[in-house]
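S.K.: Submitted below is the structure of interest, expressed as structure tokens.
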């Protein structure tokens, strides 16, 4: 099903869900600032059982407003494009990307590091939008993927390079999660031949 086929109310609900997630990120960062940054410790802590909590909450936490602003714009833009498919689509892509990104960080990020931020979701959203046209073999979605590459491609590639203070692991696994989401949500259904 193409995103333009989603009922209007589903699209509106998708937009609302993206807006709520952005609002949660901003409210949490304001709370973090006003309380002396205790939420920063809730990020993903690799190979620490307590750090698994971060897999669920880290995408909504940021290390300052600069970090939050850098993630808000691409998160909102890419999320709104996904929202054209409805709230359930946004929710599915978000959950899959967050879990794959978070678990990847938890498994391979440097010991004693703490990872937080929505960039794993940004990479998941972008990879989903690029991969879904290929998986679904749909020209409209292929065109959307091409626009995503044209607009965000250079920044996304740069985010995969190891840099001090940047979780390339979260970016890489977020992208893997986005491709997995496209595969799960858009793979052509196998045709079962009717019995003669």
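Where a number appears in this text, it was derived from the coordinates with a stated rule and is not lab data. Treat the numbers as computed from the prediction; the structure is a model and nothing was measured. Backbone-built Cβ (ideal geometry, glycine too); neighbour counts: all protein chains shown.
S.K.: If you take the beta carbon distance between residue 41 and residue 77 as r and set R0 to 35 Å, what does 1/(1 + (r/R0)^6) give as a FRET efficiency, to the nearest 0.05?
M.R.: Working: r = 30 Å, r/R0 = 0.85.
Once rounded, the FRET efficiency stands at 0.70.
S.K.: Give the separation of the Cα centroids, the range 41-63 to the range 14-36, in Å.
M.R.: Centre-to-centre distance over Cα atoms comes out at 16 Å.
S.K.: How many nm separate the modelled label positions at residue 88 and residue 20, each set 7 Å beyond the Cα in the direction of the Cβ?
M.R.: 1.6
S.K.: Compute the relative contact order of the range 26-90 as a whole-number percentage, counting only Cα pairs closer than 8 Å that sit 6 or more residues apart in sequence.
M.R.: On the way: 45 pairs, mean separation 15.9, N = 65.
It comes to 24 percent, rounded to a whole number.
S.K.: Additional query: Name the most mobile residue of 113, 101, 167, meaning the one with the largest mean-square fluctuation, in a Gaussian network model of the chain with Cα contacts below 10 Å.
M.R.: Evaluated over the chain, the most mobile residue of the options is 113.
S.K.: Here is a further query. If the chain between residue 33 and residue 56 were fully stretched, how many nm would it gain, using 0.36 nm times the residue separation less the Cα-Cα distance? Provide the component values of the computation, followed by the final result.
M.R.: On the way: separation 23, 0.36 × 23 = 8.28 nm, distance 2.06 nm.
The residue 33-residue 56 span can extend by a further 6.2 nm.
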